[in-house]
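Some notes on the structure that comes next.
The values are calculated or read from the model by the stated rules, or taken from the named source; none is laboratory data. Bear in mind that the values here come from a model prediction, so they are computed numbers and not experimental data. Please note: Cβ atoms are built from the backbone with ideal geometry, for glycine as well, and neighbour counts cover all protein chains shown.
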């Protein structure tokens with residue numbers, strides 16, 4: 001069956017001398033893997049340059065439910081994200097975000113609200129001039145809402161510790177090591193309640209941002225079994241920290 005859908009490229013690997021296998025998060029069909037034959041050849045109808053991380057595409061695709069690899073009939077870049085491809089900070093962030101997405105979205109799960117969130121976030125990142133160093137932290141927090149473990153509650157005099165396992169603030173130190181102290185828990189709350197336009201006004205120190213990134217990644221690992229290490233996080237730290 002043939003479908004028209006929008007898609008966001010998450011990952012590509014080389015297949016044979018001229019072809020690619022590409023993971024694309026589509027609005028209609030969820031995460032799908034596509035074999036793109038001849039994409040790396042000089043006469044390619046669908047060019048390999050279309051499949052850089054987080055490229056937004058208009059697609060016409062073939063879909064067969066029992067196939068592990070689907071095929072693309074037509075592809076066209078919907079919105080060129082020029083600054084993401086040319087700005088080292090943003091291209092590094094794109095690498096990080098694409099790794100997060102490919103490890104957290106399950107094959108075939110369509111979610112139009114999450115697709116709209118990711119699309120609008122990429123548009124903002126492409127236009128963003130200030131506060132870029134906070135974008136990945138903001139994105140991870142908002143993504144957790146769609147993945148089902150967004151932090152609950154708020155810190156207070158009787159709830160100083162954020163329990164990473166329970167996903168909420170607690171009044172006493174949890175009996176396990178997976179929690180955030182008062183300062184880090186307050187920064188997590190500040191970030192979780194921020195809107196994308198607020199990022200340029202945040203004033204966290206480099207060490208605080210680093211601690212937040214480590215804490216949020218641990219939070220993801222606790223709530224998403226098998227997530228494992230996010231390798232591109234170390235590259236991100238070299239660029240931003």
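Is it the case that some residue within region 126-137 is more than 30 Å from residue 26 (Cα to Cα), at pLDDT 90 or above, in contact with a helix residue (DSSP H, G or I) (Cβ under 9 Å, 6 or more places away or on another chain) and assigned to a loop (DSSP other than H, G, I, E, B)?
No: zero hits.
On the basis of being out of contact with any strand residue (DSSP E or B) (no Cβ under 6 Å at 6 or more places or on another chain), surrounded by fewer than 16 Cβ atoms within 10 Å (Cβ to Cβ), assigned by TED's automatic domain parsing to the domain that holds residue 179 and on the phi > 0 side of the Ramachandran plot, does residue 153 make the cut?
On the way: out of contact with any strand residue (DSSP E or B) (no Cβ under 6 Å at 6 or more places or on another chain): no; surrounded by fewer than 16 Cβ atoms within 10 Å (Cβ to Cβ): yes; assigned by TED's automatic domain parsing to the domain that holds residue 179: yes; on the phi > 0 side of the Ramachandran plot: yes.
Here the answer is no, as residue 153 does not meet what is asked.
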Q. Which of the residues belonging to region 19-42 are touching a residue at least 60 places away in the same chain (Cβ under 8 Å) and assigned to a loop (DSSP other than H, G, I, E, B)?
A. 27, 28, 29
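Could you list, in sequence order, the residues of region 69-85 that are part of a helix (DSSP H, G or I) and either under 22 Å from residue 46 (Cα atoms) or touching a strand residue (DSSP E or B) at 6+ places or on another chain (Cβ under 9 Å) (or both)?
So in region 69-85, the residues part of a helix (DSSP H, G or I) come out as 82-85.
Passing the criteria: 82, 84, 85.
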(Q) Restricting to region 43-66, name every residue that is part of a loop (DSSP other than H, G, I, E, B) and within 22 Å of residue 121 (Cβ to Cβ). (A) 52, 53, 54, 55
Q.
Just to check your reading of the model, which residue among 13, 24 is in the same structural domain as residue 58 (by TED's automatic domain parsing) and crowded, with 17+ Cβ neighbours inside 10 Å?
A. 24
Q: May I ask you to say which residue of 110, 116 is more than 21 Å from residue 212 (Cβ to Cβ) and part of a loop (DSSP other than H, G, I, E, B)?
A: 110
Q. Among (1) more than 23 Å from residue 97 (Cβ to Cβ); (2) out of contact with any helix residue (DSSP H, G or I) (no Cβ under 6 Å at 6 or more places or on another chain), which single condition is residue 40 missing?
A. (2)
